[in-house]
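The values are calculated or read from the model by the stated rules, or taken from the named source; none is laboratory data. Bear in mind that the values here come from a model prediction, so they are computed numbers and not experimental data. Virtual Cβ from ideal backbone geometry, glycine too; neighbours counted across all protein chains shown.
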Amino acid sequence: MEILDNLMRSLFPRQYCIWGRRRTEKVNRRKMEATGHLSVEARRELKHGLECDLWEWDDWLRQIDDERLVAKAARMDLDLDDIPLPPQEPNERPSHYMMGSFGNRLLADETRKALKAKMREKAPAYRKERREMWELILKAVPFVTGLIGTAIGLVATIKK
């Protein structure tokens, strides 16, 4: 089982996070059902600890989604430098990223919103570029196939 977990974590990290969060929710539910003998304060502390486990999964999932968002923006020729920096605390260094509760590097909410808005704005032009590129490739395939057929015909003629 550990081998499968490691494989899923390395190949499909987002799906691994989703499955891990679901597993943690089930375990937490069972633990909370078994806390009938505990005091109200002890149950509250346990519930808070179990919620922290879920927040850790959520932060990790958000980090993966942010990385994918920035990578997609880079494919669309958008850079984080094109977006104004979000307001920061006076003693903090200006950045588009913030540290999550568990040490994850997350995009600031304002940056994420601005990046998504720029991506929506540029999406039609990006789709048009991609469509034109695929049309060019599809037009080149018959040409290359014809050249290969011609070369084979010439080689066959020369050998006779």
(request) Taking the options Ala117, Ala156, Ala108, Ala151, name whichever one is free of Cβ contacts under 8 Å to residues at least 40 places away in the same chain and in contact with a Pro (Cβ under 7 Å, 6 or more places away or on another chain). (result) Ala108
(message) Which count do you get for residues in the range 97-120 that are part of a strand (DSSP E or B) and either within 18 Å of Ala71 (Cα to Cα) or at pLDDT 85 or above (or both)?
(response) 5
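It is to be established whether one or more residues within the range 15-24 are in a helix (DSSP H, G or I) and surrounded by fewer than 11 Cβ atoms within 10 Å (Cβ to Cβ).
So in the range 15-24, the residues in a helix (DSSP H, G or I) come out as 15-24.
Of the ones still in play, those that are also surrounded by fewer than 11 Cβ atoms within 10 Å (Cβ to Cβ) are none.
No, that holds for no residue.
Going residue by residue through the range 105-124, is there one that turns out to be over 30 Å from Asp53 (Cβ atoms), within 30 Å of the chain's Cα centre (by Cα) and surrounded by fewer than 10 Cβ atoms within 10 Å (Cβ to Cβ)?
Applying the first criterion (over 30 Å from Asp53 (Cβ atoms)) to the range 105-124 yields 114, 117-124.
Next, from what is left, pick out any that are within 30 Å of the chain's Cα centre (by Cα): 114, 117-124.
Applying the additional criterion that residues be surrounded by fewer than 10 Cβ atoms within 10 Å (Cβ to Cβ) yields 120, 124.
The answer is yes; a qualifying residue exists.
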(request) Sort through Pro142, Pro94, Pro124 and tell me the only one that's modelled with pLDDT under 90 and of a type outside the set (D, E, K, R). (result) Pro94
(request) Say whether the condition of being closer than 30 Å to Met133 by Cα and in contact with a helix residue (DSSP H, G or I) (Cβ under 9 Å, 6 or more places away or on another chain) is met by at least one residue in the range 88-98. (result) no
(request) Go through (1) of a type outside the set (A, V, I, L, M, F, W, C); (2) closer than 28 Å to Pro13 by Cα; (3) surrounded by 12 or more Cβ atoms within 10 Å (Cβ to Cβ) and name the single condition Pro86 misses. (result) (2)
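Restricting the search to the range 25-63, which residues are outside any helix (DSSP H, G or I) and either touching a residue at least 24 places away in the same chain (Cβ under 8 Å) or surrounded by 12 or more Cβ atoms within 10 Å (Cβ to Cβ) (or both)?
Just the residues of the range 25-63 that are outside any helix (DSSP H, G or I), to begin with: 34-39.
Within the range 25-63, Thr35, Leu38 qualify.
Considering only residues that are hydrophobic (A, V, I, L, M, F, W, C), in contact (Cβ under 8 Å) with a residue 12 or more places away in the chain and out of contact with any Phe, Trp or Tyr (no Cβ under 6 Å at 6 or more places or on another chain), which ones fall in the range 64-84?
Step one: of the range 64-84, the residues hydrophobic (A, V, I, L, M, F, W, C) are 64, 69-71, 73-74, 76, 78, 80, 83.
Cutting the leftovers down to in contact (Cβ under 8 Å) with a residue 12 or more places away in the chain gives us 64, 69-70, 73, 76, 78, 80, 83.
Of everything in the range 64-84, those that are hydrophobic (A, V, I, L, M, F, W, C), in contact (Cβ under 8 Å) with a residue 12 or more places away in the chain and out of contact with any Phe, Trp or Tyr (no Cβ under 6 Å at 6 or more places or on another chain) turn out to be Ile64, Leu69, Val70, Ala73, Leu78, Leu80, Ile83.
Scan Asp66, Asp79 and give me the residue that is under 17 Å from the mean Cα position of the chain (by Cα), surrounded by 11 or more Cβ atoms within 10 Å (Cβ to Cβ) and at pLDDT below 90.
Asp79
Against the condition among the basic types (Lys, Arg) and under 24 Å from Arg22 (Cα atoms), how does Arg62 come out, does it pass? Break it down into steps so the answer makes sense when it comes.
Numbers: among the basic types (Lys, Arg): yes; under 24 Å from Arg22 (Cα atoms): yes.
For Arg62, the condition - among the basic types (Lys, Arg) and under 24 Å from Arg22 (Cα atoms) - is met.
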